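Engineer: The structure's right below; bear with me while I get my questions together.
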Amino acid sequence: MSAENQDIEIGAGDTLEVEFAPILDQNGLVIDLTTAVVIRWWMGLSSSSTGTNVKLKKTIGNGLTLLGNQGVLLLLNAVDTASLLPGIYYHEYEVILPDTVDVELTPTTGKFAVDTRLIRNQPV
C-alpha cells in the first residue's frame, strides 16, 4: 500500500535526510529490498512530469542508501537543492522487485515544498 501525502519541506540550498520505512508485503512481513531490481526517488513539478520537469533523481549509491531491512535513506545535499525555485513540487519513491513478489511498488508519494531562507550563502 502506498503512503500518500508523505510531505517533505526544505529550504533551497539546505541539506536534508529522509528515512523511508520498510515496505511490508500483504502478510505484514518486511520485504527484502536487496532483491530489488530498481530503487529510486524522483522529485518534479507534478506526478506527470517528464524531461526537464523532473528536477531531482536519486538511486542507490547516488543519494539513496539501503538500510538493510530497515528501509531506505534519502540524502539531499545543498548542491541538490540550491537551484530549486520556491514552490510546491511532487515526490515519489519507487521500488521495482522481481515479478515473483506481490507488493505495492510506489510506497511513498507526496508534496515536496521548497522555500527560501533568510540566511543563505551570506558572508559572516
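Engineer: Quick one: putting +1 on the C-beta of Lys and Arg, -1 on the C-beta of Asp and Glu, what dipole do you get for the chain around its Cα centre, in Debye to the nearest 20?
Structural biologist: On the way: 7 positive and 15 negative charges, 123 e Å.
Its charge dipole is roughly 580 debye.
Engineer: OK, next. Can you give the longest run of the chain that contains no GluC sites (Glu not before Pro) sitting in a DSSP loop with at most 16 other Cβ atoms inside 10 Å? Can you show the working numbers first?
Structural biologist: Details: sites that count: E4, E104.
After excluding every exposed loop site, the longest remaining stretch is 5-103.
Engineer: I'd like to know which of G44, G71, H91 lies farthest towards the positive end of the charge dipole of the chain, counting +1 on Cβ of Lys and Arg and -1 on Cβ of Asp and Glu.
Structural biologist: Result: G44, furthest along the dipole toward the positive end.
Engineer: Modelling each spin label as a point 7 Å along the Cα-to-Cβ direction, I'd like the L16/T65 distance in nm, to one decimal.
Structural biologist: My value for the distance between the label points is 1.8 nm.
Engineer: Suppose the chain between D32 and D115 were pulled fully straight at 0.36 nm per residue; how much longer would it get relative to their current alpha carbon spacing?
Structural biologist: Working: separation 83, 0.36 × 83 = 29.88 nm, distance 3.56 nm.
Taking D32 through D115 to full extension adds about 26.3 nm, to one decimal.
Engineer: To the nearest 0.05, what FRET efficiency results for L24 and S46 with a Förster distance of 22 Å applied to their C-beta separation? Intermediate results must be reported in sequence, preceding the final value.
Structural biologist: Details: r = 28 Å, r/R0 = 1.27.
Working from the Cβ atoms, E equals 0.20.
Engineer: Also, I was wondering about something else. What does the helix-only formula give at 222 nm for the chain: each DSSP H stretch with n ≥ 4 adding -39500 (n - 2.57), the total divided by the residues, and the result rounded to the nearest 500 deg cm²/dmol? Present the calculation step by step, with values, prior to reporting the outcome.
Structural biologist: Numbers: 1 runs with 4 residues, N = 124.
Here the helix-only value at 222 nm equals -500 deg cm²/dmol.
Engineer: Turning to a different aspect of this structure: Please report the relative contact order for the chain, taking Cα pairs under 8 Å with a sequence separation of at least 6, and give it as a percent rounded to a whole number. Please report the intermediate quantities before stating the final value.
Structural biologist: Details: 257 pairs, mean separation 50.6, N = 124.
Once normalised by length, the contact order is 41 percent.
Where a number appears in this text, it was derived from the coordinates with a stated rule and is not lab data. Since we're looking at a predicted model, the values are computed, not measured. Because the Cβ atoms are built from the backbone with ideal geometry, glycine has one as well, and the counts that use them run over all protein chains shown.
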